[in-house]
1. For the ranges 216-224, 121-129, what's the packing order if you count other beta-carbon atoms within 10 Å of each residue, average per peptide, and put the highest first?
2. Just to be sure I understand the model, the point goes 7 Å from the Cα along the line to the Cβ. What's the resulting residue 18 to residue 228 distance in nm?
3. Can you find, among 103, 214, 75, the residue sitting farthest towards the positive end of the charge dipole of the chain, where Lys and Arg contribute +1 and Asp and Glu -1 at Cβ?
4. Per DSSP helix of 4 or more residues, -39500 (n - 2.57); summed, then divided by the residues of the chain. What does that give at 222 nm, rounded to the nearest 500?
5. If 212, 64 are ordered by their accessible area, calculated over protein heavy atoms with a 1.4 Å probe, which sequence runs from highest to lowest?
6. Could you work out which residue, out of 215, 59, 29, moves most in a Gaussian network model of the chain, that is, has the largest mean-square fluctuation with Cα springs under 10 Å?
7. Sequence gap at least 6, Cα distance under 8 Å: using those rules, report the relative contact order of the chain to the nearest whole percent.
8. Relative contact order for region 73-142: what percent, with Cα pairs under 8 Å and sequence separation of 6 or more?
Amino acid sequence: MPFATYPRIAVNSRHHPDPARRLRRMHDALLDAYGPQHWWPAKTPFEVILGAYLTQNTAWKAVERTLANLRAAGALTVDGLRRIPLARLRRLIQPSGFYTRKAPALKAFVAMLDNEFDGSLDKLAAQPTAALRQRLLDLPGVGPETADAILLYALSHAVPVADEYLRRVAARHQLIESAPGRARISYGHLTDLTRRAFAADPKENHAQLYNEFHALTVAVGKAHCGRTPHCENCPLADDLKGSF
Ligand code: SF4
């Protein structure tokens, strides 16, 4: 099957030939339909980082329960997480699942912050984007989506974030194909396409555009583009008709 693991939907042949341009218009249609999303849902950059780890393979509702546990235990700060014993941390984050893996991963993040950046998120954020992304990827329990979510939403670096919702939309709208022999469109292809979609926008707007676009794709994924697509009344349905 050429397009990810999702069934193809008939797409009109009158499409603009550049999928990046279509994706840019899809962003505008989603913003018109849903308005600004004000992401990430957190009060501090460190809460964003905790949420980015905890939400892996887990619904956000479960993350909210976990964050409430951590708040009650005084562990929603770097210092709080530093002080809390690993066994207790495991118990507190149990609602988010995979706690035996996620608890040491969170501790490893704080250890890196302490050992290399004096425990300062500002010092961490001041690193060049490419080096910082690689440092995050070298940590246990951090894949590309988690690293980019931390970079964009906690550390204010202009990097696109891709996820399963964007993968579904890209596959169903036939914006990109998976690589030969691969069932799924790669994470890197999705972020490359997103970069190209916003390449003509002023550079100083990229962080905000990436921020909004990721949040909007989550919104349309939850409202319409789940495992079964509900295209009727979807803000992106016109793209399937070749109008974008
Ligand atoms: S539900 Fe919306 S985003 Fe998903 S395939 Fe249909 S029109 Fe596209």
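The values are calculated or read from the model by the stated rules, or taken from the named source; none is laboratory data. This structure is a prediction, so every number in the text was calculated from the model and none was measured. Here the Cβ is made from the backbone with ideal geometry for all residues, glycine too, and neighbour counts use every protein chain on show. Quick note on the areas: whole protein, heavy atoms, side chains included, nothing else; ligands and nucleic acids left out. Shrake-Rupley method; radii C 1.70, N 1.55, O 1.52, S 1.80 Å.
1. Details: 216-224: 19.2, 121-129: 14.0.
Output ranking for 216-224, 121-129: 216-224, 121-129.
2. 3.8
3. Most positive-ward Cα: 103.
4. Working: 13 runs with 133 residues, N = 244.
Using -39500 (n - 2.57) per qualifying helix, the result is -16000 deg cm²/dmol.
5. On the way: 212 15, 64 85 Å².
I get 64, 212, largest accessible area first.
6. Per the Cα network of the chain with a 10 Å cutoff, 59 tops the list.
7. Numbers: 296 pairs, mean separation 84.7, N = 244.
Relative CO of the chain lands at 35 percent.
8. Details: 40 pairs, mean separation 18.2, N = 70.
Value for region 73-142: 26 percent.
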